[in-house]
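Following: one structure in structure tokens, then a few remarks.
No value in this document is a laboratory result; all are computed from the given coordinates. Just so it is clear, the model here is predicted, and its values are computed rather than measured. Note: ideal-geometry Cβ built from the backbone for every residue, glycine included; neighbour counts use all protein chains shown.
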Amino acid sequence: MNRVESMLRLQQELNDDTNGKGWEKGITKNGKVIDWRRCIYLEAAELIESYPWKHWKNIAAEADYENIRIETVDIWHFIMSEALRLEKLERDGNIADLVQTIESLEAYIRFRDGDRADTGGDIYAEMALVERLIEGIFCDERIERLMSDFFDMASVSGLNLESLYTLYIGKNVLNRFRQNHGYKEGEYLKIWNGREDNVLMQEILASNSGISPEALYEALEEIYSTLQS
């Protein structure tokens, strides 16, 4: 199974488990309305906050690329979810067909090959790519446009296909962990000994090359259990 197909199938499983079968119709098993495009633009706004764009505050700060990459992976969760929804409702829900659609995009091919969007390292040009993605949410219904904008945006964050896949797997496991520990009910502790769970998840990945999803989940469980004792 290639990287794109693996991520799509894992996202389908996560959505099925979290939201219930039939979530593609726009309602969770708990009766909550799902709007993946709203999720995308709010995550995109959080991503922009990782750039030192404010002319009145911390003007010498550096862009927080570590958090930018995490926010980018969060956006990818929601873009895949929107793509899976449309594939289910408008076609036959065949993930293999969706993989072919993604892998035929010129922006994906550039991203896969390690080509970065031409921003010259200018943070304002990088933010413009994020804002183009936001614009597409409101001005262009085509999922192909949204995915193409995503790959251009992701390319300047320091991600490539392999690192996107690795971080996605990590965040997918963390999302499952959160759900299993009371995230929906508001009981989950996101800050672990003064540090966000996202950061600790990345550190586990970085120090354990090739760690399996099961082993990552167990490592998270071991740390989290100390917070509950």
All aspartates and glutamates inside 19 Å of Lys57 as judged from Cα atoms, apart from same-chain residues fewer than 8 positions distant: Glu46, Glu49, Asp122
When the chain is fully extended, how far beyond the present Cα-Cα distance does Arg195 get from Ser207, taking 0.36 nm per residue of separation? 2.6 nm
Do the alpha carbons of any pairs in Lys32/Lys88; Lys21/Lys190; Lys54/Lys171; Lys25/Lys190 sit beyond 24 Å of each other, and which pairs? Lys21/Lys190; Lys54/Lys171; Lys25/Lys190
What share of Cα pairs, in percent, lie more than 18 angstrom apart in the stretch 9-78? 52
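So how do 140-152, 207-219, 172-184 stack up, highest first, on mean other-Cβ count within 10 Å? Please report the intermediate quantities before stating the final value.
Numbers: 140-152: 19.0, 207-219: 12.8, 172-184: 16.6.
Going by the mean number of other Cβ atoms within 10 Å, highest first, we get 140-152, 172-184, 207-219.
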Sort the following peptides by mean Cβ neighbour count (other Cβ atoms within 10 Å, averaged over residues), highest first: 83-91, 112-120. 83-91, 112-120
Magnitude of the Cβ-charge dipole (Lys and Arg +1, Asp and Glu -1) of the chain about the Cα centre, nearest 20 debye, reported as 540
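Convex hull volume of the Cα atoms in the chain, per residue, in Å³?
Numbers: hull volume 33.1 nm³, N = 229.
So the per-residue Cα hull volume is 145 Å³.
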Can you return the aspartates and glutamates within cross-link range of Lys184? Criterion is Cα-Cα under 14 Å, with same-chain partners fewer than 8 residues away left out. Asp17
Between Ile27 and Thr101, the two model label points (7 Å from Cα along the beta-carbon direction) sit apart by a distance in nm of 2.4
About the Cα centre, and with charges only on the beta carbon of Lys, Arg (+1) and Asp, Glu (-1), how big is the dipole of the stretch 169-229? Nearest 20 debye, please. 220
